[in-house]
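Please treat every number below as a calculation from the coordinates, not as lab data. Small disclaimer: the values here were computed from a predicted structure and weren't measured. Neighbour counts are summed over all protein chains in view; Cβ atoms, including those assigned to glycine, are modelled from backbone coordinates with ideal geometry.
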Amino acid sequence: MAEDAYLLFLGCMIPLRHPQIELAARKSMENLGVSLRESSEFTCCPEPWNMKASSLEKWLLIAARNLAVAEKEGSQLLTLCNGCFSTLTEASHLLAQNKGGIKEKVVKDLSSMGFSYSGKTSVHHVAQVLCGMEEKRVLASAKKELGGLKVALHHGCHLLRPSEILGFDDPFEPRLLEEFVRRLGAEPVAYRGYTDCCGRATLNRDASLEMAEQKLSAMEKEDADCVVVACPACFEQFDLGQVEISRRLGKNHQLPVIHICQLLALAQGEPPESLGLERHKIAIKPLLAKIGE
Amino acid sequence: MTKVNPQFAKKMSQVESALDVRYCFGCSACVAECPAALRFKEFNPREIVISTLLGVAENLIEADSVIWQCATCYKCYERCPQNVHPVDVITALKNISFAAGNAPEGVSSLHKAVLENGSIIAPSEAIQKRRAKLGLPAFSHATLHVPEASGKGGE
Ligand code: SF4
Ligand code: SF4
């Protein structure tokens, strides 16, 4: 069952700021019979906005080092974060392309750091793994019907684009996660600005929050019960973001935000009180009430 | 008067993915859905690409440059019919700006944190406690030893 074993790549934000997402991922993967292994040799992926903006070369080298760790472990990587996913996927793409002999340069630097990399590591976002799974297997693990819970999916830019490199789904009209949440008995809602950015990486905080606010308004207009994300950065932008939006922009929203693994864990019947959901800034209670918890 | 610098685009060519900058034909497909262009009059991916190509982009690499408002949403990447990848051009400009010491403070401190701690977040005692309460193992990143000579591009 080689394809069902992954080396879990946690990154920074999930283990060190939102460990409840990690917990839900571990539980839901176990419920699906996916086995996860660990490594203590990983570092930050590194972060694909500011680290990449400061030095593409260092960004690539550090990403390559993480890929090399996985190669040494002989394992495929599983990420729970769009940032980790896009950094590691794009880095392995650039190394495979080897424009201007960049791979040789990176391999040389890696060897001075005590690592080797030949290009064998594959990188998977948990959303890809879930969407690629057989329906009956997902259903066998999901004990609880979500009762038509209306979910506003926010894929996050770095799960969808650049699509030619990330290869997850259509960059503007994605369908896979929609299908997945439908399997769980939830109803994905279409809303204005569906694949727009959450605004996280924009430097000006008001402009950044306006981008999130615009999406939240559109989701609420379609009567969404919650936002479902695939990334801790988007999670923060929408969850903590709603508090900031109220303070800085004077607009009030109360839309619960959860990661796709948390939605899955709930559908699998994991007791909500065991999932650490009380750490979310926007109360999850109304969402739990909808699914009869 | 803006100084035209024919050497400027060459700086860009050091960043492989931004090489196709010369194929821009000014169609503005990258502008229509750009969330930063929508909110900042001075931000326009097409103009950023063309200024870079013409070598009149020195202002874009100065401190407080508008390039830092890019949301890195990659919509321009998908929409450009010429494979120019404006977002990659912007990232390349950010690299040049960082090398010149002009990047915003948050970028420099994150860069430093990654190199020094292998992480953008320091593992506090409080978070380890929270992890333990959730039944999760203690967490830390490995130490990084990035060779001095690497990451020299962009000058
Ligand atoms: S990546 Fe940046 S320049 Fe391109 S569309 Fe998004 S915000 Fe605009
Ligand atoms: S879409 Fe491409 S070709 Fe058109 S203006 Fe933008 S960068 Fe130039």
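Side notes on the structure shown:
- When each of A:Lys52/B:Lys75; A:Lys105/B:Lys112; A:Lys136/A:Lys281; A:Lys52/B:Lys129; A:Lys215/B:Lys112; A:Lys99/A:Lys120 is checked by Cα-Cα distance, pairs over 24 Å: A:Lys136/A:Lys281; A:Lys52/B:Lys129; A:Lys215/B:Lys112
- Using only side-chain charges placed at the Cβ, +1 for Lys and Arg and -1 for Asp and Glu, the dipole size of chain A relative to its Cα centre rounds to 440 debye.
- Proximity of backbone amide H atoms, modeled 1.01 Å from N, is registered between A:His125 and A:Thr79 at under 5 Å, excluding neighbours fewer than 5 places apart on the same chain.
- The tail of the calculated P(r) for the stretch A:164-245 beyond 18 Å holds 46 percent of all Cα-Cα pairs.
- Convex hull of alpha carbon positions in the stretch A:5-126: directionally averaged projected area 7.1 nm².
- The stretch A:5-126, relative contact order in percent, only Cα pairs under 8 angstrom and at least six apart counted: 31 percent
- Kirkwood Rh in Å, taken over the stretch A:227-293 so that all alpha-carbon pairs contribute: 12.4 Å
- Residue-averaged beta-carbon neighbours from other chains (10 angstrom radius) around A:193-200: 4
- Label-point separation, A:Lys136 to B:Glu116 (7 Å along Cα→Cβ), nm: 5.7 nm
- The alpha carbons of the stretch A:144-290 occupy a box of 42, 38, 25 Å along the principal axes, longest dimension given first.
- Set against the 2.2 N^0.38 Å expectation for a compact globular protein, the protein assembly as shown has a Cα radius of gyration ratio of 0.96.
- Label point distance in nm, A:Lys120-B:Ala100, each placed 7 Å from Cα along Cα→Cβ: 4.5 nm
- Rounded to the nearest 500, the 222 nm mean residue ellipticity of chain A from helices alone is -14000 deg cm²/dmol, with -39,500 (n - 2.57) taken per DSSP H run of at least 4 residues.
- Shape category assigned to the stretch A:189-229 from the gyration tensor of Cα positions, a/c cut at 1.5: prolate
- If a spin label sat at a point 7 angstrom from the Cα of B:Asp64 along the line to its beta carbon, the backbone N atoms of the stretch B:82-99 nearer than 19 Å would be those of B:94, B:97-98.
- Peptide-level mean, for A:159-165, of C-beta atoms on other protein chains within 10 Å: 4
- The C-alpha atoms of chain A define a longest principal axis, and helix A:19-32 lies at about 90 degrees to it.
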